[in-house]
Amino acid sequence: MTSTISPQSNDRRKAVRQPGEAYPLRVGREPARLVDWSVKGVGLQLRGGVDTLAPGQTLTVSIHSELTNGVALFPVVVRRVDTERRVIGADFLDEAEDAANFLACLLAMSDAR
């Protein structure tokens, strides 16, 4: 795991973390699963490797809604990379202000099924 953790990442870690229920999504074109999330960001496990990712890199997270059959795109910035577990910690960018609400609704609907 990289030892570079920004002050913003520490803010993200202070936010209450919610389980991701392994919800499937995509990071760019890579399949991934949601490890955990908060109002500030997400923990994501990528199916492929994370060797090419680095803190500070911006990515797009694509989340499919089974309810609407639509896809929401949210920009994130990588804050930490754990190559051993293939997990990244990423903060939502300002343009992704609805991401936390979207995830909360989506996961609540998944739990109800």
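Just so you know, all these numbers are worked out from the coordinates, no wet-lab data involved. Computed from a predicted model, the values in this text were never measured in an experiment. Cβ atoms come from the backbone with ideal geometry, glycine included; neighbour counts cover every protein chain shown.
Distance from the Cα centre of segment 20-38 to that of segment 39-89, in angstrom?
First find each Cα centre; the distance between them is then 6 Å.
Mind jotting down a quarter of the surface of the convex hull over the alpha carbons of segment 7-112, in square nanometres, one decimal?
Numbers: hull surface 24.7 nm².
Directional mean of the projected Cα hull area for segment 7-112 stands at 6.2 nm².
What ranking do 61-72, 32-43 get when scored by the average of other Cβ atoms within 10 Å per residue, highest first? Provide the component values of the computation, followed by the final result.
Values: 61-72: 13.4, 32-43: 21.2.
The densest-packed peptide leads the list: 32-43, 61-72.
What is the distance, in nm, between label points placed 7 Å from the Cα along the Cα-to-Cβ direction at M109 and at R47?
2.2
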